[in-house]
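To start, the structure under review is shown below, and the notes come after it.
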Amino acid sequence: MLIEEVRENVVELVEKLNFAEKVDRSLKLIEQAYKEFGSSLVVANSLGKDSVAVWHLAKRVSPEIRGFIVTTRFKPPETKRFMVEEVARYPELRVFSNDEEIPDKLYETDPDRCCEILKVKPIRDAVKEMGVKCWVTGLRCTEGRTRTGFKEIEERDEGLLKLNPILIWYEREVWEYLALNNVHVNPLYGKGYRSLGCGPCTKIAQGADERAGRWIGTSKCGGECGIHTKPLLNYQT
Ligand code: SF4
């Protein structure tokens, strides 16, 4: 598979490929990128179902692959506990956060700013400190309205590739993969959540849009925290 080929829009493959073909494609994408980038390929892990699926795929490619978790003071206790368990299982996962003071309830008054400080900044720190040239994410184009325009390989910042190896997977295929491989998952899914984030900004929601429970009641509803949309290397604060 040529890198140039996967830069093209592959949305038609969502329906065309079956589960096994998608798993195979994802493994090949990670394998190729790992061959090219070696230890500067790093997996981002949000502790959600998509991240743990990608992390498992990456570990099949090489147990040496490193990862990072970005956490915030507002993550639910279940996610914090799951993070401790995951780091104990995989010490090569580094944890990044930003503990600077922010205005009270910034997530209500200015959620974009809150995400910028608590999520985007620590990701920028992770990219810098870990010498990342290619970061791997669990982003999927079937997740909701804001995720349809992404590609399997993107270069939002010059010199930093982003690989989205399960871009074309359906939600049910993620669960299929996790079940078949006995992957540990965040216990919040057992309560009915379908997309996980910080406590004040995440609700249980039904319907076609998997991310509909994120930032309900704000202009950001069902939207993005910014890690997939903002520059991580070439930015101005
Ligand atoms: S998800 Fe909510 S609480 Fe978490 S960083 Fe974004 S706005 Fe703040």
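The values are calculated or read from the model by the stated rules, or taken from the named source; none is laboratory data. Since the model is a prediction, treat every value here as computed from it, not as a measurement. Cβ sites come from the backbone with ideal geometry, for glycine too, and all protein chains shown count toward neighbours.
R113 - would you say it is buried (at least 18 other Cβ atoms within 10 Å of the Cβ) and either within 16 Å of the ligand (Cβ to nearest atom) or of a type outside the set (S, T, Y) (or both)?
Criteria not met by R113.
A count restricted to the stretch 70-101 and to residues that are within 14 Å of the ligand (Cβ to nearest atom) and outside any loop (DSSP other than H, G, I, E, B) stands at 4.
In the stretch 85-94, of all residues being surrounded by 16 or more Cβ atoms within 10 Å (Cβ to Cβ) and hydrophobic (A, V, I, L, M, F, W, C), the one that is nearest to V185 (Cα to Cα) corresponds to V87. The single condition among (1) outside any loop (DSSP other than H, G, I, E, B); (2) at pLDDT below 95; (3) not charged (D, E, K, R) that M1 does not satisfy is (1).
Scanning the stretch 171-223 for residues that are within 16 Å of the ligand (Cβ to nearest atom) and of a type in the set (G, A, S) gives S195, G197, G199, A205, A212, G213, G217, S219, G222, G223. Taken over the stretch 33-69, the criterion of being within 16 Å of the ligand (Cβ to nearest atom), in contact with a helix residue (DSSP H, G or I) (Cβ under 8 Å, 6 or more places away or on another chain) and at negative phi is satisfied by A44, I69.
Restrict the check to the stretch 63-78 and report whether at least one residue is out of contact with any Phe, Trp or Tyr (no Cβ under 8 Å at 6 or more places or on another chain), surrounded by 15 or more Cβ atoms within 10 Å (Cβ to Cβ), among the basic types (K, R) and closer than 24 Å to L180 by Cα. Yes, the stretch 63-78 contains a residue that is out of contact with any Phe, Trp or Tyr (no Cβ under 8 Å at 6 or more places or on another chain), surrounded by 15 or more Cβ atoms within 10 Å (Cβ to Cβ), among the basic types (K, R) and closer than 24 Å to L180 by Cα.
Only one of the numbered conditions (1) within 25 Å of G197 (Cα to Cα); (2) β-branched (V, I, T); (3) in contact (Cβ under 8 Å) with a residue 12 or more places away in the chain is not met by T109, and that is (3). Scanning the stretch 40-69 for residues that are polar (S, T, N, Q) and not in a loop (DSSP other than H, G, I, E, B) yields S40, N45, S51. Which pairs have Cβ atoms under 7 Å, sit 6 or more apart or on different chains, and link a residue in the stretch 64-77 that is farther than 16 Å from A44 by Cα to one that is in a loop (DSSP other than H, G, I, E, B)? That search, which allows pairs on different chains as well, returns F74/C198; K75/C198.
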